[in-house]
Structures are given as C-alpha cells and as structure tokens.
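The values are calculated or read from the model by the stated rules, or taken from the named source; none is laboratory data. Nothing here was measured: the structure is a model prediction, and the numbers come from that model. Every residue, glycine among them, receives a Cβ derived from its backbone with ideal geometry; neighbour counts consider all protein chains shown. Please note that ligands, DNA and RNA were not included when accessible areas were found on the heavy atoms of the full protein model with its side chains. Shrake-Rupley method; radii C 1.70, N 1.55, O 1.52, S 1.80 Å.
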Amino acid sequence: MAFTLQERTFCVLQYAASKSIISTKRRFAERYGRRNPPPSNKSIKKWFEKFKSTGTVEKAKVHQPSVLDPQPILDHFIENPKTSIRRVANIFNVSYSSVQRIMKKQKFHPYKIKIVQELTANDYAARMAFAEEMLDRLSHSQNFLRYIIFSDEAHFHLHGGVNRHNCRYWSKNNPHWTAEKPLHSPRTTVWAAIWDGGIIGPIFFDTNVNGENYLNLLQSHFWPAFSNLPNAENFFFMQDGAPPHWSIAIRHWLNEKFPNRWIGRGTDRDLNIKWPARSPDLTPCDFFLWGFIKSKVYRTQPQNIDELKTRIQQACAEVTLDMLHNSMVSFQNRLNLVIQKNGRQTEA
C-alpha cells in the first residue's frame, strides 16, 4: 500500500522524537487509524534515512526522456565522418549516451584508421603475379600451403609504444599530459620462421642484421632445426627482400639447400617465385606472429633487454598449431584479396 507524503512525514517526525519504531507505529495508528498493512519497520527507517540525507521524504520524480530526432545527428556524421560522438553531443546539446544510442541503432560503427605499407604503381603488378603464381600452385595441390616456411625479422624495443587511444586523464583543466620515451630505446632484433606445423626461433641478433650474420643464422641455427623435419626436402623457404637477404653468398646457400624451392628477392636464374616488394600484409610473420608476440610482451613494461628476450621466448612458446594453421588459411585468403583488389593492400 502506498503512503502519502503527509503519512511518511508524520512517521519520520515521530521516529526522530522517540527513536522507537513501536512508539512511531502506535502514534501512526492513533492518528490515521489502523491500516492494513501498517508502515513496516524497514519503511520507517528508510524514510528517516532519506530525510537525513536529502531533507525530504518526497518520492523522486521520474523524468520522461524527450523524443530526439536522430536525422540531423546522422546527417552531421555523414557529412563529417571523422568527427567524434562527444563533439556531436556538444554541437546538438544532447548527452553523449543519446548520440551513442542513435549510432548503435542505425548500425554506424567507429572504424579505426589502419597504417599500411605504401605501394608504388609497379608494385601492383608484382603482387598480382605473386598471388596468381601461388594460387595456381595451390589449385594443383592444397598440400603446397603446408610446405611453405615463412621467415622474418622484427625489432623489439625495450620501451614499447604508448597506445594513446587507451590513455585518459580526467581533469577540469588541461594537464598537458605526456609520456616520456627515450629517443633511442634499447632494442633486440628477433628472427623466426613459421609454417603450418610449427615455429623455429626466436633467434636474436645482438647487432644490426647484415649478410654475414644472417647467413650464419641460417647455417648454424635454422638449418639444424629445419633439416630434421619430416619431408624437409619438400619445403619452400620464404624470406622478404630486405638488403641483408640479398647477398650473393646467401643466394648461393639457398640455391644449394632449396633448389627451385625458395621465395624471395632474386634473379630469374635464382628462383621462379619472386616475393613482391613492400608486402608485409602477405607474410604470416607480419600479419600474425609479431603482433601476437608484442601483445604478450608489452602487457607490462620490461625492465631490461634480458627480460624482454625472455618474454619473447615465452610468447613464442604460446603459439599453438591452431594459430599457425589459421594464419596459413589467412595467407591464402589474402592472395585472393590481392586479385580482387588488383594488387592493392589486403588490409585497406
């Protein structure tokens, strides 16, 4: 049963004077007669506490939301697609949540900018030729994809980047907040190779990568691990066109170990599958492996290079066969996208 404002006020005043629920309920019955049900002990205490905190026992008024015409807001986003919800809320003098609700209802999504490798006009034809060659081989044998081992290097800086999108500083005034980062952060260079069934690495370079130490890595670290794989003689080896990979000694070594079975930068005499320049979107090391490892390594700030290397090793150990298989499936999908987009980036 609902009690009137006058009845609730009477109970509060009586309870304040007597500090007794029983006395308050007796006085209430004398004043208003016996009610069924009478005010409960809980209700009297709740009314009293509300009065102490707000100075009233009046029920809060329920404000009915005004009907907001979504079309002007949608029109503004269509004309200014790079604007923010908060800015639009200020322009139209409505709440942030109201604008957010409209955009969600109309199925508008906040797409984030992607940074992709810039391509030249000549790159499109090279990427098309590579995709067509690979898809042709896959059409003759799906096992071909299982026997490509992709390799790559990546730099890991001790001070990883700051994700400004996830950083907030709430203040009435601009704090001019900055994140200090060394200009020349200590780093390590990591090499790894992956295929449908596993990973070789990580292997670290303590100096800049050049033809000599890259060849030493292939001979001393990669080949002993790779040559023990089942059906190693069927594998194709992929490397990109980075300058350290281009030395005559390395091409001679690859021709000896992978005759007509390596992918990279080279002459027609060296190989028959040329890796297209500026195509990190096509190697699973770039579009999968390094991103996964960095997401693990930089959850918290490594304190020194040794800790950084340990985290990289631990992250590599967490790469599963399912992840590797899915990355190879993605590679094939990206080849098809290259064809569909006439050689342009698959991530654009």
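General observations
- For the stretch 184-241, residues that are closer than 24 Å to residue 318 by Cα, among the polar types (S, T, N, Q) and either touching a Cys at 6+ places or on another chain (Cβ under 6 Å) or touching a residue at least 60 places away in the same chain (Cβ under 8 Å) (or both) total 2.
- Restricting attention to the stretch 294-348, the residues that are under 20 Å from residue 159 (Cα atoms) and outside any helix (DSSP H, G or I) total 7.
- Residue pairs meeting the criteria (Cβ under 6 Å; at least 6 apart or on separate chains; first of a type in the set (D, E, K, R), in the stretch 61-86; second modelled with pLDDT of 80 or more): 86/96
- Entry remark, the stretch 133-158: residues being within 21 Å of residue 281 (Cα to Cα) and in a strand (DSSP E or B) number 9 in total.
- Residues that are farther than 13 Å from residue 51 by Cβ and surrounded by 12 or more Cβ atoms within 10 Å (Cβ to Cβ), drawn from the stretch 1-23: 3, 7, 18, 20, 21, 23
- Exactly one residue out of 66, 98, 43 is of a type in the set (Gly, Ala, Ser) and modelled with pLDDT under 85, and it is 66.
- Residue match in the stretch 273-287 (condition: of a type in the set (Asp, Glu) and in a loop (DSSP other than H, G, I, E, B)): no
- Of all residues in the stretch 30-47 being in a loop (DSSP other than H, G, I, E, B) and of a type in the set (Gly, Ala, Ser), the one that is surrounded by the fewest Cβ atoms within 10 Å (Cβ to Cβ): 33
Per-residue answers, yes or no, for (1) within 24 Å of residue 144 (Cβ to Cβ); (2) within 19 Å of the chain's Cα centre (by Cα); (3) free of Cβ contacts under 8 Å to residues at least 40 places away in the same chain; (4) open to solvent by less than 20 Å² (accessible area, probe 1.4 Å):
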position: 327; (1), (2), (3), (4): yes, yes, no, yes
position: 335; (1), (2), (3), (4): yes, no, no, yes
position: 338; (1), (2), (3), (4): yes, no, no, yes
position: 341; (1), (2), (3), (4): yes, no, yes, no
position: 344; (1), (2), (3), (4): no, no, no, no
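- In the stretch 244-293, the residue that is modelled with the lowest pLDDT out of those that are open to solvent by 30 Å² or more (accessible area, probe 1.4 Å), closer than 20 Å to residue 194 by Cβ and under 31 Å from the mean Cα position of the chain (by Cα) is 280.
- Per the listing 85, 73, the residue uniquely within 58 Å of the chain's Cα centre (by Cα), at pLDDT 85 or above and closer than 30 Å to residue 106 by Cα is 73.
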